[in-house]
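Please see the structure below; I have some questions.
The values are calculated or read from the model by the stated rules, or taken from the named source; none is laboratory data. Keep in mind it's a predicted model, so treat the numbers as computed, not measured. Cβ atoms come from the backbone with ideal geometry, glycine included; neighbour counts cover every protein chain shown. Heavy atoms of the whole protein, side chains included, go into the accessibility calculation; ligands, DNA and RNA do not. Shrake-Rupley method; radii C 1.70, N 1.55, O 1.52, S 1.80 Å.
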Amino acid sequence: MSERVDTLILGAGAAGLFCGGRLAERGADVLVLDHARRPAEKVRISGGGRCNFTNIHTSPANFISANRHFAKSALARYGPWDFCDRVAQRGITWHEKTLGQLFCDQKSGAIIDMLVDELTAPGGRMRLETSIGEIAHRDGRFEVTTSNGLVSAANLVVATGGLSIPKMGASGLAYDIARQFGHDIIPTRPALVPFTFSGELKDAFSELSGVSCMVDAKAGGGPDFHEAMLFTHRGLSGPAMLQASTYWRESQPVEIDLAPGDPVLEDLRAARENQPRTSVSSWLGKRFPARLASYIASWPTMPANKQLAQLSKGEMDDIALTLKKWRVVPVGTEGWRTAEVTSGGIDTDGLSSQTMESRNQPGLYFIGECVDVTGWLGGYNFQWAWASADACAKAI
Ligand code: FDA
């Protein structure tokens, strides 16, 4: 005997719970399964415990996908303010930290409580600590073997996320199910992840560990990100590096402007006029945190001990260029262990952008991070989870 439901959702994370809530409030018979002990653990740890739940500047340009048009429909039909309205109705308040990023004033748990209540209060069900086995499609229904028995469902929504942070229960289940039903997978990569270095750079960055500064950073033909960079024991982190990592590919450089928005050459000329006896290293010391200034002064291209008055035009050009176009080649990234998201995933060519339904198997849907739609850092990935879940729920 199998348990029968209208809609079975695999994954009680951001997308799965939100989709379940939208279905349950319409009176649908919905069951959400997860192998974890607690739901939505990534929501809990997100935004340093305050869940950066959306970004008010969300637009399709903030997402990376093999099909850059795919996310447009869902994002247009469910925007940041739709989620804000829902959060406000629960009495959850928020603040904009920077760049349109909205964080809860309360702990992230407030969002999880909201998601779970919206599912269960109208009668939707959630079952945790349940592992998923074989999945078959017979006589117009999905039959899912689980550690708690067989579940038969008319609709199957896959919301088991991506591969980042396996310690928190991430698995490749969504990709396995997608392959089983004939979908292609765009190769997956850890994204929004710190860079690692070897040799001299690793040693130097380790010495600078804890120092941060604003930069413009880009990699792999991606846009410039004007955010903070942080030196760590392993390499480079901070929002600017995490953003660049999504575009980066092995052996490519990361291009860093250490003086973003500053006309370095003009500043240098003015300083030479006004303080001709100042050394290049003192001049650097006024612009950068002390440890970073000493590190830059140690670069072979820096005439650190010269007075500004002694600099030739060529040397001044070189200093400006060195600061504006610092190029470093990471050996890799910290990988799945710390990546915030997975880039790549289920090829959107096989899905409807209106409903997230499989083109190969009616009644089968993929939502959230498992789909090849990767947001920038800053609330965009949750916005994709809400929007893709809403599109799916509306279609069922
Ligand atoms: P999600 O990963 O949330 O949920 C998947 C669920 O499926 C999990 O509950 C998991 O246990 C379950 N599951 C997986 N495999 C299974 C299996 N085999 N069987 C049964 N269940 C299975 N984004 C953002 O917009 N703002 C932010 O502040 C942050 N901050 C942040 C911090 C950190 C440290 C991380 C790791 C990530 C973020 N993110 C973020 C990204 C965000 O957390 C992520 O994009 C969403 O949680 C994706 O939602 P999903 O529901 O698709 O997957």
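Can you give the three extents of the C-alpha atoms in the chain along their principal axes, from longest to shortest, in whole Å?
87, 41, 34
Less than 27 Å apart at the alpha-carbon level, and either on another chain or at least 8 residues along: which lysines does that give for Lys218?
Lys42, Lys72, Lys97, Lys202, Lys286, Lys324, Lys325
Can I ask one more? Only four residue types carry charge here, +1 at the Cβ of Lys and Arg and -1 at the Cβ of Asp and Glu. Report the dipole size of region 152-208 about the Cα centre in Debye, rounded to the nearest 20. Each step should come with its number before you reach the end.
Details: 4 positive and 5 negative charges, 51 e Å.
For region 152-208, the charge dipole is close to 240 debye.
Among Ile177, Thr232, Thr246, whose Cα sits farthest toward the positive end of the charge dipole of region 173-296 (+1 at Cβ of Lys/Arg, -1 at Cβ of Asp/Glu, about the Cα centre)?
Highest projection toward the positive end goes to Thr232.
Turning to a different aspect of this structure: Whole-Å semi-axes of region 32-130's equivalent ellipsoid, largest first, each the root of 5 times a Cα gyration tensor eigenvalue?
Numbers: eigenvalues 116, 68, 40 Å².
For region 32-130, the semi-axes come out at 24, 18, 14 Å.
Using only the alpha-carbon atoms, what does region 272-364 span along each of its principal axes? Please give whole angstrom values in decreasing order.
75, 27, 20
While we're on this one: Name the residue farthest towards the positive end of the dipole of the chain from the options Ala270, Leu119, Leu258, assuming +1 on Cβ of Lys and Arg, -1 on Cβ of Asp and Glu, about the Cα centre.
With unit charges placed on the Cβ atoms, the residue in question is Ala270.
Stokes-Einstein at 37 °C, 0.692 mPa s, Kirkwood radius from Cα pairs: D for region 57-203 in µm² s⁻¹? The partial results should precede the final answer.
Details: Rh = 19.4 Å.
The calculation lands on 169 µm²/s.
With a bin width of 5 angstrom, please list the P(r) values of region 170-295 as percents of all Cα-Cα pairs, from the 0 bin to the one holding the largest distance.
Histogram of Cα-Cα distances, whole percents per bin: 2, 10, 15, 17, 15, 12, 10, 7, 4, 3, 2, 2, 1, 1, 0.
To continue, here is another question. Can you give the local net charge around Asp34? Use residues other than it whose beta-carbon is closer than 10 angstrom to its beta-carbon, Lys and Arg +1, Asp and Glu -1.
Details: positive: Arg37, Arg38, Arg127; negative: Glu41, Glu129.
Local charge sum for Asp34: +1.
How much length is gained if the chain between Ala154 and Ser198 is pulled fully straight, taking 0.36 nm per residue apart and subtracting their Cα-Cα distance, in nm to one decimal? Before the final figure, lay out the partial values.
Numbers: separation 44, 0.36 × 44 = 15.84 nm, distance 5.22 nm.
Residue separation times 0.36 nm, minus the Cα-Cα distance, leaves 10.6 nm.
Compute the distance in nm between two label points, each set 7 Å from the Cα along the Cα-to-Cβ direction, one at Lys306 and one at Val331.
3.4 nm
With all protein chains present, calculate the accessible area of Trp94 using a 1.4 Å probe and round the result to the nearest 10 Å².
Answer for Trp94: close to 80 Å² accessible.
Can you tell me the Rg and Dmax of region 183-249, counting just the alpha carbons, in angstroms?
13.0, 47
Considering only Trp376, Ser352, Gly363, whose Cα is most displaced toward the positive end of the charge dipole of the chain, charges sitting on Cβ of Lys, Arg (+1) and Asp, Glu (-1)?
Of the options given, the answer is Trp376.
Now, a different point. Only sites in a loop by DSSP and with at most 15 other Cβ atoms within 10 Å count here; which GluC sites (Glu not before Pro) in region 99-152 make the cut?
Numbers: sites: Glu118, Glu129, Glu134, Glu143; in loops: Glu129.
Sparse-neighbourhood loop GluC sites (Glu not before Pro): Glu129.
Restricting attention to region 254-361, which trypsin sites (Lys or Arg not before Pro) occupy a DSSP loop and are surrounded by at most 12 other Cβ atoms within 10 Å?
Numbers: sites: Arg269, Arg272, Arg277, Lys286, Arg287, Arg291, Lys306, Lys313, Lys324, Lys325, Arg327, Arg337, Arg359; in loops: Arg277, Lys306, Lys325, Arg359.
Loop-located and lightly packed - Arg277, Lys325.
OK, next. Using the Cα centre as the reference, give the magnitude of the dipole from point charges on the C-beta atoms of the chain (Lys, Arg: +1; Asp, Glu: -1; all else neutral), rounded to the nearest 20 debye. Walk me through the numbers on the way to the answer.
Numbers: 40 positive and 43 negative charges, 115 e Å.
Once rounded to the nearest 20, the dipole reads 560 debye.
Now a separate question. D for region 241-396, whole µm²/s, Stokes-Einstein with Kirkwood Rh over alpha-carbon pairs at 4 °C and 1.567 mPa s: what number? Working shown, then result.
On the way: Rh = 19.5 Å.
Using the Kirkwood radius from Cα pairs, D works out to 66 µm²/s.
Keeping every protein chain in place, order Leu173, Leu31 by accessible area at 1.4 Å, biggest value first, i.e. largest first.
Values: Leu173 35, Leu31 0 Å².
Largest accessible area first, the residues go Leu173, Leu31.
Using a 1.4 Å probe on the protein chains only, how many percent of the accessible area of the chain belongs to carbon and sulfur? Walk me through the numbers on the way to the answer.
Details: 8170 of 16690 Å².
Using a 1.4 Å probe with all protein chains present, the chain comes out at 49 percent carbon and sulfur.
Kindly sort Ser46, Ser2 by accessible area of their heavy atoms, largest first, with the probe set to 1.4 Å. Could you put the intermediate results ahead of the total?
Values: Ser46 15, Ser2 40 Å².
Descending order: Ser2, Ser46.
Based on the Cβ-Cβ distance from Gln252 to Trp81, what FRET efficiency comes out when R0 is 45 Å, to the nearest 0.05?
E(calc), rounded to 0.05, equals 0.75.
Under a 1.4 angstrom probe, counting protein chains only, how are Trp299, Trp384 ranked by accessible area, largest first? Let's see the in-between values first.
Working: Trp299 30, Trp384 5 Å².
Per-residue accessible area, sorted high to low, gives Trp299, Trp384.
Follow-up question, since we're still on this one. So, for the chain, what is the accessible surface per residue at a probe of 1.4 Å, expressed in square angstrom? Don't jump to the answer; show the numbers that get you there.
Working: 16690 Å² over 396 residues.
Computed with neighbouring chains in place, this is 42 Å² per residue.
Going through region 31-83, which trypsin sites (Lys or Arg not before Pro) have at most 16 other Cβ atoms within 10 Å and a DSSP loop state?
Values: sites: Arg37, Lys42, Arg44, Arg50, Arg68, Lys72, Arg77; in loops: Arg37, Arg50, Arg68.
Those that pass, being in a loop and sparsely packed, are Arg37, Arg68.
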